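The values are calculated or read from the model by the stated rules, or taken from the named source; none is laboratory data. As the structure is a prediction and not an experimental result, all values here were calculated from the model. Ideal geometry is used to build each Cβ from the backbone, glycine not excepted, and the neighbour counts take in all protein chains shown.
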Amino acid sequence: MGKNLVQKILSLHLVSGELKNGEEIAFAIDQTLTQDATGTMAYLQFEAMGIPKVRTKLSVSYVDHNMLQTGFENFDDHLFLQSIAEKYGIYFSKPGNGICHQVHLERFAVPGETLLGSDSHTPTCGGLGMIAIGAGGLDVAVAMAGGPFYVSMPKVVLVKLSGTLQPWVTAKDVILELLKRVTVKGGVGKVFEYGGDGVKTLTVTERATITNMGAELGALTSIFPSDAQTKKYLRMQGREGVWKPFKADASAKYDGIIEIDLSALEPLIARPHSPDNVCSVREVKGKKVEQVCIGSCTNSSYHDLMVAAMMLKGRKVHPEVSLTISPGSRQVLEMIAKNGALTDMILAGARVIEVACGPCIGMGQAPPSGGVSVRSFNRNFEGRSGTADAQVYLVSPETAIATAINGVISDPREFGEPIVIKDPKKFTIDDTMMIPPSLKPEEVTIRRGPNIKPLPKKEPMPDTLKGDVLLKTGDNITTDHIMPAGAKVLPLRSNIPAISEFVFEKVDKEFVKRAKEKGGGFLIGGVNYGQGSSREHAALAPMYLGVKAVIAKSFARIHRANLVNFGILPLTFENENDYNSIDQGDNIELPDIKNKLKSGGALIVNNLTKNNKIMVNHALTPREIDILCVGGLLNFQAQGNN
């Protein structure tokens, strides 16, 4: 039987298990990436393992999130990251070099290899034919130490593309269409593999936009074949030598097929407050807008910014709109500076801000109170922008610029003749801000600022878990709800006692106080609990506050894995209606839990307040049970496990 693309690459890297749906597999990781909001903790964890040098083919530490230096914390941590990289064989991308996913696509992605990154949008490099997966920082630390990555073998869904995108319709509209059909939880336990004749019409940067935002589907990853378009892109980056063709066999089998006719698509928009709340732009056009932002790891490529510049050339941003432009990499910024496109944007009234994630993670450029912000980003969760009551819409750069000029949400098809951007023969190559590891690592001293605190430790699981329900949440609780980002919180990422003060701040301001008073307890969640970013602090900080287990209707993949990694038990209701029979403040217990997990016995939650019992399930592998019983993955690794 023929293999699909996912099976081909995984089979080349398989360490244990079989490629059968639902079976736990382990596969080798070729490359890792971290960014500074998650990397500081990941490297502290790597240090704790006592490995003298990373054992991957390539590991890169990027600085792209915490760029606002309003205090000493961020710069101190950047110095820590640079010295760690020099000592342990890691490349260091300096602040200003670019967003990790954009730069990694440009300079390091290799077709057919595996990449694990401590950022949920790591699947961006699937646009170049990699198996690229977002994970918690501890999983990435284990991979850097030479360990494989464990996951249940996903279902592989073919997204069969046909036709050609019409003028003013973009790759962003392709992924918005898929989100509209599948929803933010429809990709859990799946990989989306793109195929069909329509694939060859999409460039690598267009493919990367699609795979990047595939993270919003809840999927393990997304991937395109490595073909002539891939070879062309690598040639422009001066890296044609790493190209290899990778495609599915003609007789490959899939667990599902979704067909999208590119010719039939129109400009789409995701309304507040979810990336799957999608409709056509024409349905909401005319809505007044205060802010427009172009950038993020989704839409900040050379092509995207050239389109923006061409649309703005000779025009002015609407007087009641603030337009910001964030280039995705120094390479892009340098090229648009040299060819005059940057000048066109500045003359039009755009605010060109730093080469970084910036507004996408609430790091500056918060909208006004109750304001409408139209962004070419990937997430529009409530409050993520930095303004609690802002209305954030997600669109293509083309729709965003048409909106910025008109002052209201606008259909770019009404803008005029379509803009055609010719690819350069070669991109500008300047890797001077990519610092290689030291040739004399023994002489490198790690620089540790006062904001870096020791790793918190988790004790082994007791025989019985008992405590109060500290909080009950609804569906689609995101990691932004659990552990907010933004300029106030992110600088504390290496200081768990300090950052823990902000857990669930946007949901219940009394949560931290209650957790401390009760000595920890339980969380109750709805469907897709923990969707969004890979930030392990959304598990690590609750663990520090004493959270023992989370009982939910269902979990997002990365967050569930992070809970296990930090010794918090993830459980699901056997009967979802039982969600209604347990409330915040109830005192509950899980008796003999350790033995029942190991023996496969029925898991019962005793509600001591209401004097009733409910049944719960788990989908834990034997390895995950062992990890939980010893108090988390770091303890598990310390015992010599892999």
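Is it the case that some residue within the stretch 492-513 is in contact with a Ser or Thr (Cβ under 6 Å, 6 or more places away or on another chain), among the hydrophobic types (A, V, I, L, M, F, W, C) and either in a helix (DSSP H, G or I) or surrounded by 20 or more Cβ atoms within 10 Å (Cβ to Cβ) (or both)?
Taking the stretch 492-513 as the starting set, the residues that turn out to be in contact with a Ser or Thr (Cβ under 6 Å, 6 or more places away or on another chain) are 493-494.
Checking the rest, the ones that are also among the hydrophobic types (A, V, I, L, M, F, W, C) come to none.
Checking the stretch 492-513: not a single residue is in contact with a Ser or Thr (Cβ under 6 Å, 6 or more places away or on another chain), among the hydrophobic types (A, V, I, L, M, F, W, C) and either in a helix (DSSP H, G or I) or surrounded by 20 or more Cβ atoms within 10 Å (Cβ to Cβ) (or both).
Within the stretch 119-156, how many residues are in contact with a Phe, Trp or Tyr (Cβ under 7 Å, 6 or more places away or on another chain) and surrounded by fewer than 24 Cβ atoms within 10 Å (Cβ to Cβ)? Residues that pass the stated criteria total 3.
The set of residues in the stretch 546-604 being of a type in the set (Gly, Ala, Ser), surrounded by fewer than 17 Cβ atoms within 10 Å (Cβ to Cβ) and within 32 Å of the chain's Cα centre (by Cα) consists of GLY546 alone. Selection of the stretch 459-481 for residues being of a type in the set (D, E, K, R) and either buried (at least 19 other Cβ atoms within 10 Å of the Cβ) or not in a loop (DSSP other than H, G, I, E, B) (or both) yields LYS466, ASP468, LYS472, ASP480.
Among the residues of the stretch 235-248, is any in a helix (DSSP H, G or I) and either under 24 Å from the mean Cα position of the chain (by Cα) or surrounded by 19 or more Cβ atoms within 10 Å (Cβ to Cβ) (or both)? It would help to see each step written out before you state the result.
First, pick out the residues of the stretch 235-248 that are in a helix (DSSP H, G or I): 235-236, 240-242.
So of that shortlist, the ones also either under 24 Å from the mean Cα position of the chain (by Cα) or surrounded by 19 or more Cβ atoms within 10 Å (Cβ to Cβ) (or both) come out as none.
No, the stretch 235-248 has no match at all.
Looking only at the stretch 87-103, which residues are surrounded by 21 or more Cβ atoms within 10 Å (Cβ to Cβ) and touching a strand residue (DSSP E or B) at 6+ places or on another chain (Cβ under 7 Å)? Listed by number, the residues that qualify are ILE90, PHE92, SER93, ASN97, GLY98, ILE99, CYS100, GLN102, VAL103.
Does THR164 meet the test of being in contact (Cβ under 8 Å) with a residue 60 or more places away in the chain, part of a helix (DSSP H, G or I), of a type in the set (Ser, Thr, Tyr) and at negative phi? The answer is no for THR164. Applying the criterion of being within 16 Å of MET345 (Cβ to Cβ) and hydroxyl-bearing (Ser, Thr, Tyr) to the residues of the stretch 285-310, the residue that is surrounded by the most Cβ atoms within 10 Å (Cβ to Cβ) is SER300. Within this structure, GLY218 passes the test of being closer than 20 Å to ASN476 by Cα and either modelled with pLDDT under 95 or outside the structural domain of ILE9 (by TED's automatic domain parsing) (or both).
Among all positions in the stretch 193-207, there is no residue which is among the charged types (D, E, K, R), surrounded by fewer than 23 Cβ atoms within 10 Å (Cβ to Cβ), assigned by TED's automatic domain parsing to the domain that holds GLY127 and within 30 Å of GLY526 (Cα to Cα).
Given the criterion of a type in the set (Lys, Arg), under 30 Å from GLY328 (Cα atoms) and either in the same structural domain as ILE223 (by TED's automatic domain parsing) or buried (at least 18 other Cβ atoms within 10 Å of the Cβ) (or both), identify the matching residue among LYS57, LYS20.
LYS57 is the lone residue from the list that is of a type in the set (Lys, Arg), under 30 Å from GLY328 (Cα atoms) and either in the same structural domain as ILE223 (by TED's automatic domain parsing) or buried (at least 18 other Cβ atoms within 10 Å of the Cβ) (or both).
Pairs are defined by a Cβ separation below 7 Å, a sequence spacing of at least 6 or placement on different chains, a first member in the stretch 25-37 that is under 17 Å from ILE9 (Cβ atoms), and a second member that is among the β-branched types (Val, Ile, Thr) and in a helix (DSSP H, G or I); the pairs so defined are THR32/VAL140. Among all positions in the stretch 434-449, there is no residue which is among the polar types (S, T, N, Q), in the same structural domain as CYS279 (by TED's automatic domain parsing) and touching a helix residue (DSSP H, G or I) at 6+ places or on another chain (Cβ under 6 Å). Of the residues screened, ARG282 is one that is surrounded by fewer than 17 Cβ atoms within 10 Å (Cβ to Cβ) and out of contact with any Lys or Arg (no Cβ under 8 Å at 6 or more places or on another chain).
Condition test on VAL159, is it within 30 Å of PRO418 (Cα to Cα) and in a helix (DSSP H, G or I)?
Numbers: within 30 Å of PRO418 (Cα to Cα): yes; in a helix (DSSP H, G or I): no.
Considered against the rule, which asks whether it is within 30 Å of PRO418 (Cα to Cα) and in a helix (DSSP H, G or I), VAL159 comes out as no.
Among the numbered conditions (1) within 17 Å of ARG384 (Cβ to Cβ); (2) under 22 Å from the mean Cα position of the chain (by Cα), the only one that GLN291 does not meet is (2). Tell me, yes or no, whether the stretch 237-250 has at least one residue that is farther than 25 Å from GLU414 by Cα and in contact with a Phe, Trp or Tyr (Cβ under 7 Å, 6 or more places away or on another chain). Yes, the conditions are met somewhere in the stretch 237-250. Taking first residues from the stretch 73-98 that are in contact (Cβ under 8 Å) with a residue 24 or more places away in the chain and in the same structural domain as ALA143 (by TED's automatic domain parsing) and partners that are basic (Lys, Arg) and crowded, with 22+ Cβ neighbours inside 10 Å, the Cβ contacts under 6 Å between residues at least 6 apart in sequence or on separate chains come to ASN97/ARG330; GLY98/ARG330.
Which one is farthest from ARG447 (Cα to Cα) among residues in the stretch 47-79 that are at pLDDT below 95 and among the aromatic types (Phe, Trp, Tyr)? Top of the filtered list is PHE72.
Among the residues of the stretch 331-388, what is the count of those that are polar (S, T, N, Q) and surrounded by 22 or more Cβ atoms within 10 Å (Cβ to Cβ)? Step through it out loud before you land on a result.
Let us first name the residues in the stretch 331-388 that are polar (S, T, N, Q), namely 331, 339, 343, 365, 369, 373, 376, 378, 380, 385, 387.
Filter again for surrounded by 22 or more Cβ atoms within 10 Å (Cβ to Cβ), leaving 331, 373, 376, 378, 380, 385.
The qualifying residues number 6.
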